[in-house]
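Below is one structure, written out as structure tokens; the observations come after it.
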Amino acid sequence: GAGVSQSPSNKVTEKGKDVELRCDPISGHTALYWYRQSLGQGLEFLIYFQGNSAPDKSGLPSDRFSAERTGGSVSTLTIQRTQQEDSAVYLCASSLGAADTQYFGPGTRLTVL
Amino acid sequence: KQEVTQIPAALSVPEGENLVLNCSFTDSAIYNLQWFRQDPGKGLTSLLLIQSSQREQTSGRLNASLDKSSGRSTLYIAASQPGDSATYLCAVFGNYQLIWGAGTKLIIKP
């Protein structure tokens with residue numbers, strides 16, 4: 001079956017522009033996670049969805065970051081007024097339930113010039 | 001605050017050797033611990049998941065152990081192969097998120 005997919009695979013944008021990143025989880029997975037991996041840094045948790053609700057938004061770095069999930073499936077991560085420090089690989093993962101194995105997408109590499 | 005540490009940061013061994021990667025965590029209140037591998041420029045692949053009530057999990061040449069009371073996990077790789085070269089990451093799941101170690105970069109020399 002299809003794994004987690006993310007689009008676009010690469011995104012280059014200018015500082016100050018808004019970007020939208022998309023994640024299609026594995027069908028039937030109720031939990032969805034966003035992480036980011038900055039160059040030379042470890043993986044950083046951003047947000048978690050159970051169904052369409054996000055009980056934990058504590059990982060979002062600033063109020064320029066927002067995320068939503070609709071229909072218990074597709075999720076979008078939006079970054080407004082992008083800054084150079086937002087440059088990173090943004091990874092999405094889904095799992096059957098909250099504490100089950102997380103399956104990762106290939107990531108979106110975001111470069112802010 | 002949960003902190004996850006992986007030692008060593010890098011490891012280079014000849015093909016065929018058995019090896020152990022180490023992971024430690026500071027807060028024993030975890031649901032599970034997961035080991036992943038990351039290949040350069042690629043995503044993350046889940047290797048093993050150990051529930052907090054379990055002591056070990058095995059998959060092929062991989063064996064992961066968990067000692068929750070001491071905050072430690074090990075990933076044992078038997079008969080290493082060049083294809084095992086990758087960065088290995090451990091992550092503990094608690095409070096609805098994975099907290100990650102920095103990884104061990106493993107190179108298996110043919």
Quick one: in the range A:6-31, of everything that is within 11 Å of chain B (Cβ to nearest Cβ) and either out of contact with any strand residue (DSSP E or B) (no Cβ under 9 Å at 6 or more places or on another chain) or surrounded by 15 or more Cβ atoms within 10 Å (Cβ to Cβ) (or both), which residue is farthest from A:L91 (Cα to Cα)? A:A31
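Against the definition (touching a residue at least 24 places away in the same chain (Cβ under 8 Å) and out of contact with any helix residue (DSSP H, G or I) (no Cβ under 6 Å at 6 or more places or on another chain)), how does A:L60 come out, yes or no?
Values: touching a residue at least 24 places away in the same chain (Cβ under 8 Å): no; out of contact with any helix residue (DSSP H, G or I) (no Cβ under 6 Å at 6 or more places or on another chain): yes.
Criteria not met by A:L60.
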So which residues in the range A:10-28 are modelled with pLDDT of 95 or more and closer than 18 Å to A:F104 by Cα, if there are any at all? A:N10, A:L21, A:R22, A:C23, A:D24, A:P25, A:I26
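Looking at the range A:36-45, can you tell me whether even one residue there is exposed (fewer than 13 other Cβ atoms within 10 Å of the Cβ), among the aliphatic types (A, V, I, L, M) and touching a residue at least 40 places away in the same chain (Cβ under 8 Å)? So that I can check it myself, show each step before the final result.
From the range A:36-45, those exposed (fewer than 13 other Cβ atoms within 10 Å of the Cβ) are A:39-41; that's our starting set.
Those still in the list that are among the aliphatic types (A, V, I, L, M) too: A:39.
The next check asks that each one be touching a residue at least 40 places away in the same chain (Cβ under 8 Å); those that pass are A:39.
Yes: one or more hits.
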Those residues of the range B:16-49 which are modelled with pLDDT under 95 and β-branched (V, I, T), in sequence order: B:I30, B:T45
Checking A:T108, A:T101, A:T78 in turn, the sole residue that is over 11 Å from A:D24 (Cα atoms), within 14 Å of chain B (Cβ to nearest Cβ) and touching a residue at least 40 places away in the same chain (Cβ under 8 Å) turns out to be A:T108
Before we move on, is A:S75 surrounded by 14 or more Cβ atoms within 10 Å (Cβ to Cβ) and either among the acidic types (D, E) or under 13 Å from the mean Cα position of the chain (by Cα) (or both)? yes
Any hit, the range B:73-91, residues being within 15 Å of the chain's Cα centre (by Cα), closer than 25 Å to A:N10 by Cβ, at pLDDT below 95 and surrounded by fewer than 21 Cβ atoms within 10 Å (Cβ to Cβ): no
Inside the range A:42-58, can you point out the residues that are closer than 19 Å to A:G105 by Cα and within 12 Å of another protein chain (Cβ to nearest Cβ)? A:G42, A:L43, A:E44, A:F45, A:L46, A:I47, A:Y48, A:F49, A:Q50
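Would you kindly identify the strands (runs of 3 or more DSSP E) lying entirely within chain B that contain at least 1 residues that are away from chain A (no Cβ under 12 Å) and of a type in the set (V, I, T)?
Details: elements: B:4-7, B:10-14, B:19-25, B:32-38, B:44-51, B:56-59, B:62-67, B:72-77, B:86-94, B:97-100, B:104-109.
Ranges flagged: B:4-7, B:10-14, B:19-25, B:56-59, B:72-77, B:104-109.
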Considering residues of the range A:86-113 that are closer than 26 Å to A:K15 by Cα and more than 16 Å from the chain's Cα centre (by Cα) only, the residue surrounded by the fewest Cβ atoms within 10 Å (Cβ to Cβ): A:L113
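The values are calculated or read from the model by the stated rules, or taken from the named source; none is laboratory data. On a predicted model such as this, the values are computed, not experimentally measured, just so you know. Quick reminder, even Gly has a Cβ in these numbers, built from the backbone with ideal geometry, and neighbours come from all protein chains shown.
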